[in-house]
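The values are calculated or read from the model by the stated rules, or taken from the named source; none is laboratory data. From a predicted model like this one, the values you see are computed outputs, not experimental measurements. With ideal geometry, Cβ positions are generated from the backbone for all residues, glycine too; neighbour counts draw on all protein chains shown. For accessibility, only protein heavy atoms count, side chains too; no ligands or nucleic acids. Shrake-Rupley method; radii C 1.70, N 1.55, O 1.52, S 1.80 Å.
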Amino acid sequence: MSLNTFGHLFRVTTWGESHGPALGATVDGCPPGVAVDEAMLQHWLDRRKPGQSKYTTQRREPDAVRILSGVFEGRTTGTPVQLMIENTDQRSKDYGEIAQRFRPGHADITYWQKYGIRDPRGGGRSSARETAARVAAGGIAREVLKLLAPEVRITGYMVQMGRLRADRDRFDMAEVENNPFWCPDAAAASIWAGHLDELRKSGNSVGAVVEVVASGVPAGLGAPVYGKLDTELAAAMMSINAVKGVEIGAGMAAAELTGVENADEIFMGNDGRPAYSSNHAGGILGGISTGQDVVVRFAVKPTSSILTPRKTISISGEESEIVTKGRHDPCVGIRAVPVGEAMMACVILDHLLLDRAQTGGARGPIGAS
């Protein structure tokens, strides 16, 4: 069974490896007539591509996307959109020493145990390089959302690096594009820079927490019981390479709240629509969007490729030590921000299309009709 596809009506299949000739995505179920060109998609890929600062891997990839099918004269045709991104800066020799040994923290050992064969160059299919294809597909999703639900806005940012947290009282979303960490707290970004410099120079790495918010999401997306919007968002974010935890709204902190504290009280807003006193639910109740901001956070583990020797074993079972050479992100959470945004866009669009197919956009009236 091949499981390289996600989505129901808006379906994305990614393909390719870190050190192969190319990688990409096949997007099926995209509505016809949507304005799309390579420059539109390149904007999103440029936000993710490596080598843009000293805080990310120095692998130099242009991440130039090519549209091979599904678009004619600048508009989607309704047929599969094939996207391709060539790999141009591979250094496969960096991985020669680990071809017979398993890197701790990597998928080397599990790929071998499952398939009996693996591509050791850069991690092959398990490499975070795969996420470039998701960002390209997310660019398609954003253009469709712009047409079908223009009020939807998707924003991702880092809220934590290691044990260092951003201060929400200092959040200024204008700062997100002004620092290499996509952090809305400029003071925290400055502290993170010094912290990551020390780790980078010592050959170490650190984890991070990324938050992605979708505002303007219409009420009614998602379905009980196994098609919940939060279920699919959690699966989408957890599928991102190196992600080890996902939460919606208050998330794990909800366990510390009382029922009185956790329940988001409902009022009638000045616009004649329901309004809420808070958003502990993260914009989703019973798996269905409420019309509030949809809020998702995910935790990214520290990059496992580090220069500190780690104990491991070889394919033959011999014990040894290993140092992972090559060019790696000291904090992979930085480049995970645009990936999280892309996955949010794909899931929101998929559920928008599912809802239109099932209900035609009909809604139970509240207040004066």
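Of the chymotrypsin sites (Phe, Trp or Tyr not before Pro) found in segment 214-322, those in coil by DSSP whose Cβ has at most 12 other Cβ atoms within 10 Å are TYR226. Considering only VAL176, LEU229, ILE117, the residue lying farthest towards the positive end of the dipole of the chain is ILE117, judged by Cα position with unit charges set on Cβ. Roughly how tilted is helix 229-238, in degrees to the nearest 10 and between 0 and 90, from the longest Cα axis of the chain? Result, in degrees: 10. Short to long, the 10 Å bins of the Cα pair-distance histogram for segment 169-255 hold 13, 33, 36, 14, 4 percent of all pairs. Restricting the GluC sites (Glu not before Pro) of segment 298-329 to loop positions (DSSP other than H, G, I, E, B) with no more than 15 neighbouring Cβ atoms within 10 Å leaves GLU318. With respect to the chain, whose longest principal axis is taken over its alpha-carbon atoms, helix 186-201 is tilted by about 20°.
In the chain, the DSSP-assigned H stretches of four residues or longer account for a calculated mean residue ellipticity at 222 nm of -8000 deg cm²/dmol, using -39500 (n - 2.57) per stretch and the full residue count as denominator. The residues packed around HIS43, meaning those with a beta-carbon under 14 Å from its beta-carbon, carry a net charge of -2 if Lys and Arg are +1 and Asp and Glu are -1. Each 20 Å bin from zero holds the following percent of Cα-Cα pairs in the chain: 28, 56, 15, 1. Peptides 169-176, 121-128, 158-165, 31-38 ranked from most to least packed, by the mean per-residue count of other Cβ atoms within 10 Å: 121-128, 158-165, 31-38, 169-176. Heavy-atom surface analysis with a 1.4 Å probe gives the chain a carbon and sulfur content of 54 percent of its accessible area. Taking the longest Cα principal axis of the chain as reference, the axis of helix 333-359 is set at about 40 degrees. Subtracting the Cα-Cα distance of LYS244 and LYS146 from 0.36 nm times their residue separation leaves 32.2 nm of extension gain. Quick check: Cα centre of segment 338-362 to Cα centre of segment 275-318, how many Å? A separation of 20 Å, based on Cα centres. Restricting attention to segment 306-368, which trypsin sites (Lys or Arg not before Pro) occupy a DSSP loop and are surrounded by at most 13 other Cβ atoms within 10 Å? The qualifying sites are ARG363.
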